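Student: Structure provided below as structure tokens; questions to follow.
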Amino acid sequence: MVPIFIFSLPRSGSTLLQRLINKSDQIATSPESWLFITTLSCRSELINSYSVYSSVHAKNAINDFIKNYVGESEFNSKCKNFFNDVLQVAAKDKSFFIEKTPRNLFVAKDIMSIYGNGAKYLCLVRNPAAIACSMISTWGKGRWNIYAFEQDFMLGIDCMIKVMSKDACLSIKYEDLLSFEDQETERVSRYLGIGLSELKDKKIEVIEGRMGDPVGQYKYSKIEKTRSSEWKKTINTFTKVAMLKSLIRRIGNDKLEKLGYSYAEVLESIKIHGKYSARDEVFDASLVVYGVLYKIFQPFILKEVIVNKLRFALR
């Protein structure tokens, strides 16, 4: 069993790519396991978590233990055995297992260090402005909510660029997958070593589960080229225009070019395309203010402390 890792930001079309590959009888998969991000984040330089113990102290202890008593290569070997044993059970008698959890991007370096050439890596990129609009549409009910996903743009894109630079990875643009389905499918089949006929002329199946795409996979049973520009209809207020342009400027020209997008063209595309809504304008403006408070006070943690009366300090 060979794992196939799909690295992407959330709302980049990873479920679509997963469903396309899942047409093959050699493939097994699940919606999103979250197994790797939760297991490997205990050592990640990027991630600290709130818990009833100090995740920083835990990280220091684990790294010291591995360095002084186990060894990095031996630890990676044991991790690979553990992950493979679990995935093998899930894959049953299949030759490949697709692991698609977008936040795996934060531990992609660790995953590739553990697996090396023993896995396949697909990097799926999408216009960051389109990703933001998809987040707004899917999880924000059409209103500004990117304050809750800044880690994906400010850290995730850096991780993606590093992964894309590796020779072992096959990079795919979401927009190309929609516009040139046959050519991109052929590239994927060659890279995975799966016959092209296994990935064509079959219905795209829904991958059931609580995680994964809650909208698109139930709405679409085939690739539709027109979907590549649908995100623009989400931009229906001047607040969204201003905040999306601010987001793209923070990402910067250099990173956008490395992802394969024109900085000037992305900025130019951000304008009101949907029907203007004064009501949404008020909500968006208020949510921008709320977003500032959200980042300062972290309401999910406050809920644990106040509403659920957590008796221990989270750190």
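Student: Quick check: is even one residue across the range 102-125 assigned to a loop (DSSP other than H, G, I, E, B) and either under 16 Å from the mean Cα position of the chain (by Cα) or buried (at least 22 other Cβ atoms within 10 Å of the Cβ) (or both)?
Tutor: no
Student: Right, something else. Spot the failing condition for D158; the list is (1) surrounded by fewer than 20 Cβ atoms within 10 Å (Cβ to Cβ); (2) over 22 Å from A264 (Cβ atoms); (3) at pLDDT 95 or above, and only one is missed.
Tutor: (2)
Student: Shifting gears a bit: Just a yes or no: is a residue in the range 49-56 surrounded by 20 or more Cβ atoms within 10 Å (Cβ to Cβ) and either of a type outside the set (D, E) or out of contact with any Lys or Arg (no Cβ under 9 Å at 6 or more places or on another chain) (or both)? Spell out the reasoning first.
Tutor: In the first step, residues of the range 49-56 are kept if they are surrounded by 20 or more Cβ atoms within 10 Å (Cβ to Cβ); the result is none.
No - not one qualifying residue is present in the range 49-56.
Student: For the range 107-144, how many residues are basic (K, R) and farther than 25 Å from E257 by Cα?
Tutor: Result for the range 107-144: 2.
Student: So, in the range 20-38, how many residues would count as being under 18 Å from N104 (Cα atoms) and either within 11 Å of the chain's Cα centre (by Cα) or not polar (S, T, N, Q) (or both)?
Tutor: Counting residues in the range 20-38 that are under 18 Å from N104 (Cα atoms) and either within 11 Å of the chain's Cα centre (by Cα) or not polar (S, T, N, Q) (or both) gives 6.
Student: Follow-up. Give me a count of the residues in the range 261-315 that are within 29 Å of K162 (Cβ to Cβ), loosely packed, with under 14 Cβ neighbours inside 10 Å and at pLDDT 95 or above.
Tutor: Residues flagged as within 29 Å of K162 (Cβ to Cβ), loosely packed, with under 14 Cβ neighbours inside 10 Å and at pLDDT 95 or above within the range 261-315 amount to 4.
Student: I want to confirm something. Restricting to the range 47-100 and keeping residues that are over 17 Å from M112 (Cβ atoms) and acidic (D, E), which single residue is modelled with the lowest pLDDT?
Tutor: The extreme case among them is D93.
Student: Residues in the range 75-86: is at least one among the aromatic types (F, W, Y) and over 28 Å from A28 (Cα atoms)?
Tutor: So far as the range 75-86 goes, no, none of its residues is among the aromatic types (F, W, Y) and over 28 Å from A28 (Cα atoms).
Student: Checking S51 against (1) within 27 Å of I4 (Cα to Cα); (2) touching a residue at least 12 places away in the same chain (Cβ under 8 Å); (3) not hydrophobic (A, V, I, L, M, F, W, C), which test does it fail?
Tutor: Only one criterion in (1) within 27 Å of I4 (Cα to Cα); (2) touching a residue at least 12 places away in the same chain (Cβ under 8 Å); (3) not hydrophobic (A, V, I, L, M, F, W, C) is unmet by S51, namely (1).
Student: Among the residues of the range 50-66, are any hydrophobic (A, V, I, L, M, F, W, C), part of a loop (DSSP other than H, G, I, E, B), farther than 20 Å from C169 by Cα and touching a Leu at 6+ places or on another chain (Cβ under 9 Å)?
Tutor: Yes, some residue in the range 50-66 is hydrophobic (A, V, I, L, M, F, W, C), part of a loop (DSSP other than H, G, I, E, B), farther than 20 Å from C169 by Cα and touching a Leu at 6+ places or on another chain (Cβ under 9 Å).
Student: Another one. Which numbered condition trips up T138, out of (1) within 21 Å of the chain's Cα centre (by Cα); (2) outside any helix (DSSP H, G or I)?
Tutor: (2)
Student: Scanning the range 173-208 for residues that are closer than 14 Å to E224 by Cα and in contact with a Ser or Thr (Cβ under 8 Å, 6 or more places away or on another chain), which turns out surrounded by the fewest Cβ atoms within 10 Å (Cβ to Cβ)?
Tutor: K203
Student: Would you mind finding the one in I296, I272 that is more than 22 Å from Y174 (Cβ to Cβ) and part of a helix (DSSP H, G or I)?
Tutor: One residue alone meets the criteria, I296.
Student: Of all residues in the range 240-269, which are in contact (Cβ under 8 Å) with a residue 24 or more places away in the chain and not in a helix (DSSP H, G or I)?
Tutor: Matches in the range 240-269: G260, Y261.
Student: Only one of E175, E186 is touching a helix residue (DSSP H, G or I) at 6+ places or on another chain (Cβ under 7 Å), outside any loop (DSSP other than H, G, I, E, B) and more than 14 Å from I21 (Cα to Cα). Can you tell me which?
Tutor: E175
The values are calculated or read from the model by the stated rules, or taken from the named source; none is laboratory data. Remember, predicted model here, so these are calculated numbers, not experimental data. All Cβ positions, even for glycine, are placed from backbone atoms using ideal geometry, and neighbour counts span all protein chains on display.
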